[in-house]
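Read-outs: derived from the displayed coordinates by stated rules, not from any lab. The structure displayed is predicted, hence computed values, not measured ones. Cβ placement follows ideal geometry from the backbone for every residue including glycine, while neighbour counts extend to all protein chains displayed.
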Amino acid sequence: EGLPYPREEGQPVAKNKTWSSWKNSLQLRLTLGYALLIAVLLLLMNTYPLLMSQNLMFRSQQTALENQALLIANSLTTADSLTPETVEQALGPLDELDVQRLLITDEAGLVLYDSDQADSSAGRYALTGAVVSALEGNNAFFGRYDGGSFTSSAALPVMTRNTVVGAVCLFNEDASQGALLQQLQGNLRLISLVVCLAVLVLFAAFSNLLARRVGVLLGGIRRVRAGEYTHRVTMKGHDELVQLAEEFNQLTGRLQATEARRRRFVSDASHELKTPLASIRLLTDSILQDETIDRATTREFVGDIGQAADRLIHISESLLSLNRLDEGQTVGREPVAVNAQAEKLCRLLSPLAEEAGVRLETALEPDCVACCGEEDVNQILRNLIENAIKYNSPGGHVLVSTHCQGGQVVLEVADSGVGIPEEDLPRIFERFYRVDKARSRAAGGTGLGLSIVLDTVRLYDGDVTVQSTLGEGSCFTATLPAWTQEEGEA
Ligand code: ADP
């Protein structure tokens with residue numbers, strides 16, 4: 001049924017992407033999203049570890065300097081006031097210090113000792129921030145990292161009997177730790193670059209794959225939209241896109257079945273309408289062309305034309321009923337006494353039964369009230385009883401029975417007729433399907449009666465089933481919801 005399309009499975013459809021489609025594409029949004037995420041991650045990776053290491057290094061410097069300064073300050077606490085001599089004396093037994101420069105000042109900030117012999121500031125005032133802070137009785141630490149090395153200074157007060165008598169100030173410059181930090185920075189930059197490149201490559205591959213797969217799906221949708229209902233999307237994997245493709249294929253399958261049904265229906269309907277129209281045409285031509293035609297023949301032909309017109313009316317009425325059912329329109333829900341309907345129909349159809357030599361009987365359980373439209377019950381019973389009479393043999397019988405069961409009204413029409421072959425049973429409810437076309441036509445059938453019955457009961461969530469033995473008879477059972485007290489109150 002599909003159109004003659006060239007196969008192009010697996011190819012993305014949107015090849016000549018315009019800027020505006022690219023601008024709004026999922027791929028661009030994903031790319032931007034990932035790029036932003038990576039930028040933030042790299043920024044964090046390049047700043048946070050460096051700041052942490054800097055901090056750690058300053059702390060280790062601070063402890064080292066403060067410990068040494070404490071040692072010196074403690075060795076100086078014995079003197080009441082500091083002089084260059086007492087300082088020399090106190091420093092004598094101390095080991096070599098692991099600092100670049102040591103300053104010791106008195107309580108006024110005058111340098112008493114300077115370890116830097118070359119550029120000694122002994123005899124001068126050293127009122128740096130650290131010294132001033134120490135002379136005020138506080139421990140002070142200053143650190144700086146200028147890219148190449150760490151410079152740090154720590155100052156501690158020298159206390160004698162709770163009085164500040166001087167200050168110890170240590171300076172250090174650590175180039176090796178600075179170099180270490182710089183190396184770390186360099187390594188982080190390199191890693192960032194490698195990560196960045198790897199992510200870019202991976203992302204490009206991933207987004208390309210995603211775009212291709214979405215393209216396959218999109219291509220499939222477009223082809224089906226263009227009417228190629230036989231097209232199915234094939235996609236490998238187990239992810240959501242595969243599920244989407246499977247759902248789409250199932251949807252297309254249903255669409256294909258519906259389309260096929262629709263086409264068959266239109267062709268069957270046209271065929272059914274054409275037959276009576278053709279006989280009308282033939283009969284009118286015969287009357288018009290034969291100038292010698294007598295009155296009795298003319299009456300006979302006009303009678304036949306009337307029959308063909310009746311048939312057309314019957315078909316169009318059935319089609320209209322089916323259309324109404326397709327749209328899901330109920331004629332409204334009301335309490336319908338199905339027994340009264342069954343009796344009325346049996347009375348109405350008894351001439352037909354008599355003509356066919358068929359005995360029409362009823363077995364009706366009292367107080368069977370269905371909740372549906374009266375016309376719908378009429379439609380169901382009429383079609384089933386008419387069929388039971390039509391597809392019967394002289395001397396046969398038809399039994400129409402009703403009973404209530406589990407909140408449902410059950411309508412049963414059993415006959416001792418020709419029966420239905422097993423292979424035809426699943427198809428008899430299809431529109432225009434007939435087991436014996438000639439017999440159905442001769443009996444005035446349209447092949448729509450049972451589909452109307454099925455669609456009607458389904459409208460009320462009921463069902464219709466059939467049991468049949470070829471040559472012995474059939475029994476059709478239709479169920480409708482029973483009328484309950486609550487519905488009455490509602
Ligand atoms: P039709 O207008 O031809 O009767 P239906 O839709 O009512 O169309 O029925 C479809 C076909 O099912 C009939 O053509 C007939 O072959 C078969 N059928 C229906 N009811 C019976 C029955 N009671 N006994 C035997 N065959 C039946």
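Please give me the summed charge of the neighbours of residue 336: other residues whose Cβ is under 10 Å from its Cβ, Lys and Arg +1, Asp and Glu -1.
Residues close to residue 336 contribute a combined charge of -3.
Can you give the local net charge around residue 300? Use residues other than it whose beta-carbon is closer than 13 angstrom to its beta-carbon, Lys and Arg +1, Asp and Glu -1. Please report the intermediate quantities before stating the final value.
Values: positive: 295, 299; negative: 290, 294, 304.
Residues near residue 300 contribute -1 overall.
Relative contact order for segment 94-136: what is it in percent, counting Cα pairs under 8 Å that are at least 6 residues apart?
About 30 percent, as a whole number.
Once a ≥ b ≥ c are taken as the square roots of the eigenvalues of the Cα gyration tensor of segment 295-419, is the result rounded (a/c under 1.5), prolate (a/b larger than b/c) or oblate (a/b not larger than b/c)? Kindly include the intermediate steps, with their values, before the conclusion.
Numbers: a/c = 2.58, a/b = 1.36, b/c = 1.89.
It is oblate, given that a/c is not under 1.5 and a/b is not larger than b/c.
Could you order peptides 456-462, 196-202 by the average number of other Cβ atoms within 10 Å of their residues, highest first?
Values: 456-462: 18.3, 196-202: 12.4.
Going from most to least packed, we get 456-462, 196-202.
Between residue 270 and residue 327, what FRET efficiency comes out of the Förster formula 1/(1 + (r/R0)^6) with R0 = 30 Å and r the beta carbon distance, rounded to 0.05?
E(calc), rounded to 0.05, equals 0.90.
How large is ³J(HN,Hα), in whole Hz, for each residue of segment 108-116 in order, when computed from phi with the Karplus curve 6.51 cos²θ - 1.76 cosθ + 1.60 and θ = phi - 60°, using x for Gly and Pro?
9, x, 6, 6, 9, 9, 9, 6, 7
Taking the Cα centre of segment 106-247 as the origin and placing charges on Cβ (Lys, Arg +1; Asp, Glu -1), which of 188, 200, 108 is farthest toward the positive end of the dipole?
It is 200.
Please work out whether the chain counts as rounded, prolate or oblate from its C-alpha gyration tensor, where a ≥ b ≥ c are the square roots of the eigenvalues and a/c under 1.5 means rounded, while otherwise a/b larger than b/c means prolate and anything else oblate?
Here the chain falls in the prolate category.
Can you put 213, 382, 263 in order of Cβ neighbours within 10 angstrom, beginning with the fewest? Walk me through the numbers on the way to the answer.
On the way: 213 21, 382 17, 263 11.
Ordered by Cβ neighbours within 10 Å, fewest first: 263, 382, 213.
Determine the relative contact order of the chain: mean sequence separation of Cα pairs under 8 Å and six or more apart, normalised by residue count, in whole percent.
Relative contact order for the chain comes out at 10 percent.
Lysines within cross-link reach of residue 23: Cα-Cα under 26 Å, excluding same-chain residues under 8 positions apart?
Leaving aside lysines fewer than 8 places away in the same chain, those within reach of residue 23 are 15.
Report, in deg cm²/dmol and to the nearest 500, the calculated mean residue ellipticity at 222 nm for the chain, where each DSSP H run with n ≥ 4 adds -39500 (n - 2.57) and the sum is divided by the residue count.
-18500 deg cm²/dmol
Multiplying the sequence separation of residue 285 and residue 300 by 0.36 nm and subtracting their Cα-Cα distance, what value in nm do you get?
Stretched out fully, the residue 285 to residue 300 stretch lengthens by 4.0 nm.
Which of 142, 128, 481 sits farthest toward the positive end of the charge dipole of the chain, with +1 on the Cβ of Lys and Arg and -1 on the Cβ of Asp and Glu?
Result: 481.
With point charges of +1 on the Cβ of Lys and Arg and -1 on the Cβ of Asp and Glu, referenced to the Cα centre of the chain, which listed residue (372, 454, 166) lies farthest in the positive direction of the dipole?
Of 372, 454, 166, it is 454.
Which ³J(HN,Hα) values, rounded to whole Hz and listed in residue order, are derived for segment 37-47 from phi using the Karplus coefficients 6.51, -1.76 and 1.60 in 6.51 cos²θ - 1.76 cosθ + 1.60 with θ = phi - 60°, glycine and proline given as x?
4, 5, 4, 5, 4, 5, 4, 5, 5, 8, 10
First check a/c for segment 109-158, with a ≥ b ≥ c the square roots of the eigenvalues of its C-alpha gyration tensor; if it is under 1.5, answer rounded, and if not, answer prolate when a/b is larger than b/c or oblate otherwise. All intermediate terms of the calculation are to be shown ahead of the outcome.
On the way: a/c = 2.62, a/b = 1.18, b/c = 2.21.
The shape class here is oblate.
Counting GluC sites (Glu not before Pro) as exposed when in a DSSP loop with at most 10 other beta carbons within 10 Å, what is the longest stretch of the chain free of them?
Longest stretch, sites excluded: 97-290.
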